[in-house]
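Just below is one structure, and these are the notes that go with it.
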Amino acid sequence: MPEIRLIYQDGGYYRGDSQAANDDEGGHSDSTEGHDEDDEIYEGEYQGIPRADSGKGSLAGGPGSVGAGAQQFKDIGVSEAERRKDQEELAQQYETILQECGHGKFQWTLYFVLGLALMADGVEIFVVGFVLPSAEKDMCLSEPNKSMLGLIVYFGMMVGAFLWGALADRIGRRQSLLISLSINSVFSFFSSFVQGYSTFLFCRLLSGVGIGGSIPIVFSYYSEFLAQEKRGEHLSWLCMFWMIGGIYASAMAWAIIPHYGWSFQMGSAYQFHSWRVFVLVCAFPSVAAIAALSAMPESPRFYLENGKHDEGWMILKQVHDTNMRAKGYPERVFSVTTIKTVKQMDELVDTGTDTPVWQRYKLKIMTVCTPVHVLQMRKNILACFSPEYKRTTFMLMAVWFTMSFSYYGLTVWFPDMIKYIQKQEYESKTRTFTKERVEHVTFNFTLENQVHRQGHYFNDKFLNLKMKSMVFEDSVFEECFFEDITSTHTVFRNCTFIASLFYNTDLFKYRFFNCKLVNSTFIHNKKGCMLDFSDDFNNAYMIYFVNFLGTLAVLPGNIVSALLMDKIGRLRMLAGSSVISCVSCFFLMFGNSESGMIALLCLFGGISIASWNALDVITVELYPSDKRTTAFGFLNALCKLAAVLGISIFQSFVGITKALPILFAAGALAAGSFLATKLPETRGQVLQ
């Protein structure tokens, strides 16, 4: 074997080979020639792995590091300048290496693995909206509580995007994604079993915090395995998994939630209804992503940016060999013998492979939480607003905010408008009874969608029935008997109950407004809120099917954007799609029917997806690797904040006016499309 020397130069580890000058024309080193294609253990022959006597900790700047000990204490300002130079050289060389590795089996395998993580994010967006109609009855939710449950996942994802984005630039893309998906899986699982509203809210919040890291990490992670000519197209193909997540959630909701026969309960305290089965099933993509991601390597770009030359070289060789074997060229040898690495300012502790897994995670978490690493994460965030990136960051903030405000605002407003249209149609069929007198009558059938005013009921029996959307006003109930009553949207206003008995009913105090109870008794009230499934299939059509069509309509736009992203450029795609989406908003003025609103939802979703894809790609490409997930996470957190504002504002206009939400959305999209044209084009550039 030729002599191997480790030389520390400009912050990078180089392989010094005494026979390098005698290498053949293909540039293959003696150390890599003759490799068996299945050989995965390199035993120190690649790129100079330090031996035990030289200290593995050298890469971390610990005792025994290569070079003089004083090298570790060089002036920070000089180190920063060297680091910048190293980054520029690495960017150019890394692109050349990816060209040699090719695009093949490895990238497609990673594509499906990361797609599962992105799918889990798409599922999370829909979960609460799908379970809310059932959960609000199961947990006795008031209107304010319903609104909070609907928005809590966005707050969680906002925190998660910011946290995991910053962390991924410190401990690695793969590890951060594994931790975030694990948190999502655990609390999604718990949320399907907890009974109280506050604990369910807490679990969904933490579930959102976990999944919030998926988008910033996934796009950054995948981009670092893609060559320049493939990056825009394949990042756009990756976006399809978000749509698949929406389709999966819609299909599972349709298949599971209406089947209330799947429910069971243990006494009156513990109830497990079908919507909880749906919540449990929605955790499957996240669990599958964790299992698949465990077999994938860390981003080699992350390793090289952090001075870990050997680890980065080994992964790039794995990418090369996997692709070459799949293409039928197992004899091709990875010809790269020298890779530029970036000078480290500081590094995480390397615990080695012999340390138990739980101890490694504990040590890394403790290391990340130390002040120096917290300060470095803060420094990365502030660096996004440095003079070099300040203009880009503010422009991207404006584009992310305007697009999210309009998109999420409109997509939540659509179903609410459909609900309002259905409610109006339902109320138009309401039957009204005035000054009726009913004596000695037994009601044992469903009472639905009726208003009774100034009635008098004497010695009547209401037995084993359901009351749906019933209103009793200024009425008198004398010596009446109510038994085994289940009610929904039923109220009594200004009524008087004289010598009446309520046995095993869910007519609780909140259903009585300004009512008088004279010698009347409530015995054995039903515990909790009783679910009413009589209109679940109507809700399934309205909620599940509408969202299914909305996500499916994204498919054509996704295909078009993927095929054209590298041909027409990111800016044209982003600005053009935003302008067309802005124009499509005005068609909403003509949506006065349920079918019309659904068609317009599909049109808007299909057009706007191209601008989202372009925005994801351009965000990845505008920031350097050591700040990429930090910047993406910050912008994605801002996106979720805009979503909360958009949903809250747009929902307040349901039933009042359609003009203002449409004008808000169109104005935001117009502003976003204009600002998008001011961003730099990144097509054809190497990944910084």
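Odds and ends about this structure:
- Residue in segment 447-469 that is without any contact (Cβ under 8 Å) to a residue 40 or more places away in the chain, open to solvent by 20 Å² or more (accessible area, probe 1.4 Å) and not in a strand (DSSP E or B) present: yes
- A search for C-beta distances below 7 Å between a residue of segment 227-255 that is within 16 Å of residue 121 (Cα to Cα) and in contact (Cβ under 8 Å) with a residue 24 or more places away in the chain and any residue that is open to solvent by 10 Å² or more (accessible area, probe 1.4 Å) and outside any helix (DSSP H, G or I), counting only pairs 6+ apart in sequence or on different chains, returns 249/282; 252/282.
- Looking across segment 477-503, just one residue is hydroxyl-bearing (Ser, Thr, Tyr), over 18 Å from residue 445 (Cβ atoms) and surrounded by 20 or more Cβ atoms within 10 Å (Cβ to Cβ), and that is 500.
- When residue 413 is tested against (1) free of Cβ contacts under 8 Å to residues at least 40 places away in the same chain; (2) open to solvent by less than 70 Å² (accessible area, probe 1.4 Å), only condition (1) is not met.
- Index of the failed condition, residue 506 passing every other in (1) open to solvent by 50 Å² or more (accessible area, probe 1.4 Å); (2) at pLDDT below 90: (1)
- Applying the criterion of being open to solvent by 80 Å² or more (accessible area, probe 1.4 Å) and either modelled with pLDDT of 90 or more or more than 53 Å from the chain's Cα centre (by Cα) (or both) to the residues of segment 433-446, the residue that is farthest from residue 478 (Cα to Cα) is 434.
- Taking the numbered list (1) touching a residue at least 60 places away in the same chain (Cβ under 8 Å); (2) more than 18 Å from residue 573 (Cβ to Cβ); (3) open to solvent by 10 Å² or more (accessible area, probe 1.4 Å) in turn, residue 642 passes all entries but (3).
- Of all the listed residues (653, 674), the sole one being in a loop (DSSP other than H, G, I, E, B), under 28 Å from residue 587 (Cβ atoms) and open to solvent by 10 Å² or more (accessible area, probe 1.4 Å) is 653.
- Counted residues, segment 165-202 - those being open to solvent by 10 Å² or more (accessible area, probe 1.4 Å), part of a helix (DSSP H, G or I) and among the small types (Gly, Ala, Ser): 3
- Boolean, residue 408 is closer than 30 Å to residue 680 by Cβ and either in contact with a helix residue (DSSP H, G or I) (Cβ under 6 Å, 6 or more places away or on another chain) or not assigned by the TED database to the domain that holds residue 651 (or both): yes
- Total residues in segment 107-137 satisfying the condition of being among the aromatic types (Phe, Trp, Tyr) and either open to solvent by less than 10 Å² (accessible area, probe 1.4 Å) or not in a helix (DSSP H, G or I) (or both): the figure is 1.
- Among the residues of segment 416-432, just one is touching a Lys or Arg at 6+ places or on another chain (Cβ under 8 Å) and open to solvent by 20 Å² or more (accessible area, probe 1.4 Å), namely 432.
- Some residue of segment 439-446 being within 23 Å of residue 506 (Cα to Cα) and in a strand (DSSP E or B): yes
- So residue 472, is it in contact with a Leu (Cβ under 9 Å, 6 or more places away or on another chain), assigned to a strand (DSSP E or B) and buried (at least 16 other Cβ atoms within 10 Å of the Cβ): no
The values are calculated or read from the model by the stated rules, or taken from the named source; none is laboratory data. Note that the structure is predicted; figures quoted are calculated from it, not measured. We place every Cβ from the backbone using ideal geometry, glycine too, and count neighbours over all the protein chains shown. Note: areas computed on protein heavy atoms with side chains; ligands, DNA, RNA excluded. Shrake-Rupley method; radii C 1.70, N 1.55, O 1.52, S 1.80 Å.
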